[in-house]
Each structure stands twice: as C-alpha cells, then as structure tokens.
Amino acid sequence: MSHYSEQVPAYRTIRVVAQDSPVAAFSDEEAWRARDAYPEILAAGGAVFGHVREREEGGWEVVSFGESAPQDSRDTMASTFRRLAQQAEKSGDEVGRAECMAAAVRLGWEKLDELTVLGDRYRVVHGEQFIRKGPDGPEPPRPSDPDPAEPGEAHRMPSRTTGFVIDPVVGTGMSEGILKLDLLQFVRAAGTVPPDVRRDSRRAKQTHPGGVLLPPGFMIAERVGDGRWKPHSAACSTPQAARDALTMWLRVMAPVTLQLDQAERDAYERAANLLDERPGNEIEVADGAHFFKVVRVERLVRVGPDGPEGPRPSDFDPDPPVEAHTQQLREQGLWREEDEVNEGLVLEEMRDVARLVEKEQARREWKRQGEEGAP
C-alpha cells in the first residue's frame, strides 16, 4: 500500500518537521501565540512581485522581491541580465554576454514574464500579502523577528528575501504550516475587490494550490479611526527599515506634500527624532494628528505543477516596457530631451524635497561618523 504522501504532488505538500534549533522553536511558539492574540487574517493591500531563477537541485531562488507591479519586476529582471552580461564579458564569454544582453533588450520592448538565459529559467512571480489583526489592531513585529540595524542604517542590511528558495517540500514548523494552510484557502471577498481580481483569486486556488511563505515583511500602517488602519508604506525587510521609511517621510516628504508650516515641520521632525532615539512599534505625531504602527506582513507565493505563480490578468500593470514607452512618447511628441527635463526640475516643490533629502543625508552621515569615532 502506498503512503499518502506518495500520492500528493510535491507542490501541494505542507511538510511539518520538528524545530531543532532554539530560535526556530521560539519562533514557532510565537507564531502559535499570535493565532490567539491576532486571530483575524486580512489581505494587506495589493499583490507584490519579484523574479526568481529555477534551480537545478530543485526549487526557485528569489533574485529580487518587493516590486509593486509586474513591469517593475521585468525591469529588475532586465538589470539582472545586464549584470550577468558584464560578468560573462569579464570572464571572456562573448557568447554568454550576447545571450544575456539579447534577453535584456527584449525586456525593454516586450512584456515577458519568463525567459531562459544561460540554461536557467527566470520568471516574474505574483505574491500575496497578509496581516493578522486583533483587538489592539494589526500584529506588530515579534521578538524573534531579526532587526539588527541601527536607526537610519537599515538600507545597508542585506535583504532576507534575496536568495530565499521557494520549495514547498522544505520542512516547516507546525504553526507556520497551519498558517500556510489558512492562507492557501484565502480568497478575496465579494465586494472588496473588482470582479476580475476575485475571479483570478478563486482560479489561483485551482491552478496553484501549493505555496511557500517568504520571510515576513514590515510596513507602516496608520490608524484612521473606528478601528480601521490603512497602509502607509510598502513592506520592508525589517522593522527598522519600516521605521526608517517613516522617519524619512516625516522629515522629507510630509513637509512638502502636506504643505506644512515651520511649526508643523518642527513637530514632525521631533516625532522622527523620538523614533530614532527610542525605536518602537508605535508613534503619535503632532498631538494625535497621525498615529502610526509598525506592522508584520506575511507574504505567500503560490506554487503549481510548473512552479511559482506568475502575474495574473487582473494585476495592476499599466506601464509598457521602457523602450516601447519611450518610442510611444516620441511618436506622440511628448518626449522631452534631458535639458527640457532638467528645466522642469527647478520647480519650488522639487527644490524643497531636494533640500530636505540633503539635510537628512547629512544628519545620518554625521550620526554615523559620531558613532564610529566613539571610544
């Protein structure tokens, strides 16, 4: 008699194994407690995208992840091929260089979600994002979530997602396995999204019934009243990266986009300084004008018989490839040469943003030099 696991395709496998390391066991225990404290699972905004490479030894390696539209991932994939072309050129492999450059050029003109280059398959993938929610709002970062960077330095940390292998056969803890099962059953509720988005969500359960949880992301959410929260930033790799995105907004973007006067700018900067001095997961800004929270985001990539799910027909993907777009603008007489673009950048608002960015960069550099020079 054959074992049950032998009758289940590998891509539908949820393989639960004992967690040997203390850190993994602690993480699994935290995940179990989160089921009680934050029982509600909600979609966290729209889809997220990346591109992956199929591995000869099994699974698909994440090359990049976190773009907001399929075309962004195609552009990033083209950059990957240009980098591979440079490596081939340095090693004297002219044939390899030409193949990589040809792939990059095609992506400048065509919407291609899969290419084979140097014998490896590359694919743009669709990911879904979720948050847990409880009585006190969305779930914050957990104590076991890695958060090694100092304030303002998170951009220097390597991505936890790059190099991650999407392989359903890899074992997982009990809590993560249950979460994966819950998320694989998730379908966008009627009335919450356009009909084509819901239709594609239902179809994905059939075409890509398996899935893999990527390392969690972290975003800033803002409380907007009546227990409701709205995303304020895209998901970042670590909690500190999300805090850094918020302090950058408080110091640079908010003063311009919200047209703050000097007193208001000072209040926003004080909030940013406080968050740098005492990094936490919640902060009130300008006497309650805003209340922000760092939120933990679960990220799932569905898997089917031929690997990870690619972009769906309903995915928001308005931009054409860069070369095709440039040609369209030229034909319409809308393409401006570099000197004309530069003239447009002298707008007062852009000058204000540039000045604030320069100020923030100088502040971070001064802080870093001070820490390096400390005894």
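The values are calculated or read from the model by the stated rules, or taken from the named source; none is laboratory data. Please read these numbers as outputs of a predicted model, since none were measured by experiment. Here the Cβ is made from the backbone with ideal geometry for all residues, glycine too, and neighbour counts use every protein chain on show.
What to note about this one:
- Residue check: PHE49 meets all listed conditions (1) touching a Pro at 6+ places or on another chain (Cβ under 7 Å); (2) free of Cβ contacts under 8 Å to residues at least 40 places away in the same chain but one, namely (2).
- Here the stretch 156-167 is the region considered, the condition is being exposed (fewer than 14 other Cβ atoms within 10 Å of the Cβ) and out of contact with any strand residue (DSSP E or B) (no Cβ under 8 Å at 6 or more places or on another chain), and the residue that is nearest to GLY217 (Cα to Cα) is PRO158.
- Of all residues in the stretch 219-234 being assigned to a strand (DSSP E or B) and of a type in the set (Gly, Ala, Ser), the one that is modelled with the lowest pLDDT: GLY225
- In the stretch 241-261, the qualifying residues are those that are assigned to a helix (DSSP H, G or I) and free of Cβ contacts under 8 Å to residues at least 40 places away in the same chain, and the one that is farthest from ALA286 (Cα to Cα) is ALA245.
- Options LYS90, LYS111: the member that is surrounded by fewer than 16 Cβ atoms within 10 Å (Cβ to Cβ), touching a residue at least 24 places away in the same chain (Cβ under 8 Å) and assigned by TED's automatic domain parsing to the domain that holds VAL125: LYS111
- Whenever a residue of the stretch 155-167 is in the same structural domain as VAL52 (by TED's automatic domain parsing), its partners that are basic (Lys, Arg) and part of a loop (DSSP other than H, G, I, E, B), lying with C-beta atoms within less than 8 angstrom and at least six residues away or across chains, give the pairs VAL165/ARG55.
- In the set (1) at pLDDT 95 or above; (2) under 15 Å from VAL169 (Cβ atoms), GLU57 fails one condition alone, (1).
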